[in-house]
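The structure's right below; bear with me while I get my questions together.
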Amino acid sequence: MKTDSSADMPTEETVRAALRGVIDPEVGMNVVDLGLVYDIEIAPNQVRVAMTMTTPACPMGDMITEDARAAIRDIAPENAEVDVRLVWDPPWSSDLMSEHAKQRFGWS
């Protein structure tokens, strides 16, 4: 549901919930549980997300990043700037995964 009011900016928790709908198709799990979302910043009329991929060579990086932008746009006011950027520092590791993700892959 989009609105025009900056007072209706999503919270960090709402953004994180929206990003749980963004799936890495290579592993079939959402980017939040995979530990790919590093930072979420909410400012007046702006949502900024720093995220990574499991490897810089990930062939799905552009698609996943665009899916993340679209998920945030769906919950942010129409006039809000949505900035999703890929970062590589710190490098991703399986330690960043949620317990749910680790269990699913048999890593806990």
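The numbers here are math on the coordinates, done by the rules we state, and not lab data. These numbers come from a predicted model, not from an experiment. Neighbour counts are summed over all protein chains in view; Cβ atoms, including those assigned to glycine, are modelled from backbone coordinates with ideal geometry.
With (1) touching a Gly at 6+ places or on another chain (Cβ under 9 Å); (2) surrounded by fewer than 18 Cβ atoms within 10 Å (Cβ to Cβ) as the list, and ASP83 as the residue in question, which single condition is left unmet?
It fails just one condition, (1).
What tally of residues in the stretch 42-65 results from selecting those that are over 27 Å from LYS102 (Cβ atoms) and not aliphatic (A, V, I, L, M)?
Number satisfying all stated conditions: 4.
Right, something else. Does the stretch 30-50 include one or more residues that are under 14 Å from the mean Cα position of the chain (by Cα), of a type in the set (Lys, Arg) and part of a helix (DSSP H, G or I)?
No: the stretch 30-50 contains no residue that is under 14 Å from the mean Cα position of the chain (by Cα), of a type in the set (Lys, Arg) and part of a helix (DSSP H, G or I).
Taking the stretch 10-29 on its own, how many of its residues are assigned to a loop (DSSP other than H, G, I, E, B) and either more than 21 Å from GLU81 (Cβ to Cβ) or in contact with a helix residue (DSSP H, G or I) (Cβ under 8 Å, 6 or more places away or on another chain) (or both)?
8
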